[in-house]
Structures are given as C-alpha cells and as structure tokens.
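Asks: Here it is, the structure, as structure tokens.
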Amino acid sequence: MPIEVRVDRGARLIRATLSGEVSFEEMALAVNQSVQHPDVTPGFNVFSDHRELAEPATRLQLEQLVDHLTRFKDKMGGARWAVVTHPGSASYGMMRMLGFLADAVPMVVRPFSDEAEALAWLAEADRPPGA
C-alpha cells in the first residue's frame, strides 16, 4: 500500500509513510482511517515521511486534501503536521505550499529534511509555555 498509517496513542501522533505513486483517493482514505481510529482525539499531531514518493503531490491533490481535511476540523483543527522529504526537492516545495493551504483546516504544516528535527518540532507542541 502506498500509504501506511500507524497511530501512536502515547505520543498522540498519527504516523504515515508514503511510497511510490499516491493518488488523492489514497490520501483521503488514509485521512479517513486516521480520524476514525478509536485512539485519535483532538490534539493529535501528524508526522509523515515522503522520502520514498515517486512523484510529489500536485497542487490539485493538495487543494483536494485540504478540502477533505476541513471536514475533520473537530479532530484535526489546531494540529501540527511535520512532513519529512528530501531537501530542495519538488516535494519539499509542495509541502511548503500545503502549509499555506492548510490554514483553512486550520493546521500548521511544516516540511523538514531531518526526521529528528521534525519529531522535536512536534514534541514542542505538547510542552507547556516556558517548559
């Protein structure tokens, strides 16, 4: 399957790994599986690894994805989404675009080229101010 989704209840994190060719329908299915998972509640963040994608998402796919995500504002609104991809790649640029489009959800989407840095950014969201 081009998108593997796992829910990490302890970390309050949805983890997705994408590989090969991915269609919008597969993206929507992964979102549905995530938000319908019994452990996923408001406040979960998202980590996705796009380093094995054959092609970056298109603008149309990103627009459709954001439209789909807005249906789940009750669970995903306010979430952080860290995307790991290759630095300087077209996929990295498309994830920057997704960051702008995701304001409609609202979600904060940020691309990274380093997995540890991405996970640290997500962990910051769970720390109280000044901690």
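Asks: Quick one: in the range 105-118, which of the residues that are open to solvent by 10 Å² or more (accessible area, probe 1.4 Å) and over 10 Å from the mean Cα position of the chain (by Cα) is nearest to Arg15 (Cα to Cα)?
Replies: Looking at residues that are open to solvent by 10 Å² or more (accessible area, probe 1.4 Å) and over 10 Å from the mean Cα position of the chain (by Cα), I get Glu115.
Asks: Give me the pairs: first residue in the range 103-131 and assigned to a helix (DSSP H, G or I), second residue modelled with pLDDT under 95 and of a type in the set (Gly, Ala, Ser), beta-carbon distance under 9 Å, and six or more apart or on different chains, which are they?
Replies: Matching pairs, first to second residue: Leu119/Ala11; Leu122/Ala11; Ala123/Ala11.
Asks: Next question, about the same structure. For the structure I just gave you, tell me whether Arg80 is over 18 Å from Arg15 (Cα atoms) and of a type in the set (Lys, Arg).
Replies: Judged against the criteria, Arg80 is not a match.
Asks: Ok, one more. Residues of the range 8-22 being surrounded by fewer than 15 Cβ atoms within 10 Å (Cβ to Cβ) and in contact (Cβ under 8 Å) with a residue 12 or more places away in the chain, which ones?
Replies: Answer for the range 8-22, where residues must be surrounded by fewer than 15 Cβ atoms within 10 Å (Cβ to Cβ) and in contact (Cβ under 8 Å) with a residue 12 or more places away in the chain: Arg9, Gly20, Glu21.
Residue by residue, here is whether (1) open to solvent by 60 Å² or more (accessible area, probe 1.4 Å); (2) basic (Lys, Arg); (3) free of Cβ contacts under 8 Å to residues at least 60 places away in the same chain; (4) more than 22 Å from Ser113 (Cα to Cα) holds:
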residue: Pro2; (1), (2), (3), (4): no, no, yes, no
residue: Arg6; (1), (2), (3), (4): yes, yes, yes, no
residue: Phe24; (1), (2), (3), (4): no, no, yes, yes
residue: Ser34; (1), (2), (3), (4): no, no, yes, yes
residue: Val40; (1), (2), (3), (4): no, no, yes, yes
residue: Leu53; (1), (2), (3), (4): no, no, yes, no
residue: Gln64; (1), (2), (3), (4): yes, no, yes, yes
residue: Gly93; (1), (2), (3), (4): no, no, yes, no
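Asks: If you check Ala102, Ala79, which single one turns out to be small (Gly, Ala, Ser) and either open to solvent by 30 Å² or more (accessible area, probe 1.4 Å) or farther than 20 Å from Glu25 by Cβ (or both)?
Replies: Every option except Ala79 fails the conditions.
Asks: To continue, here is another question. Would you pick out the residues in the range 45-79 that are closer than 16 Å to Ala125 by Cβ and within 11 Å of the chain's Cα centre (by Cα)?
Replies: Matches in the range 45-79: Asn45, Val46, Phe47, Ser48, Met76, Ala79.
The values are calculated or read from the model by the stated rules, or taken from the named source; none is laboratory data. As the structure is a prediction and not an experimental result, all values here were calculated from the model. Because the Cβ atoms are built from the backbone with ideal geometry, glycine has one as well, and the counts that use them run over all protein chains shown. Surface areas here come from the heavy atoms of the whole protein model, side chains and all, with no ligands, DNA or RNA. Shrake-Rupley method; radii C 1.70, N 1.55, O 1.52, S 1.80 Å.
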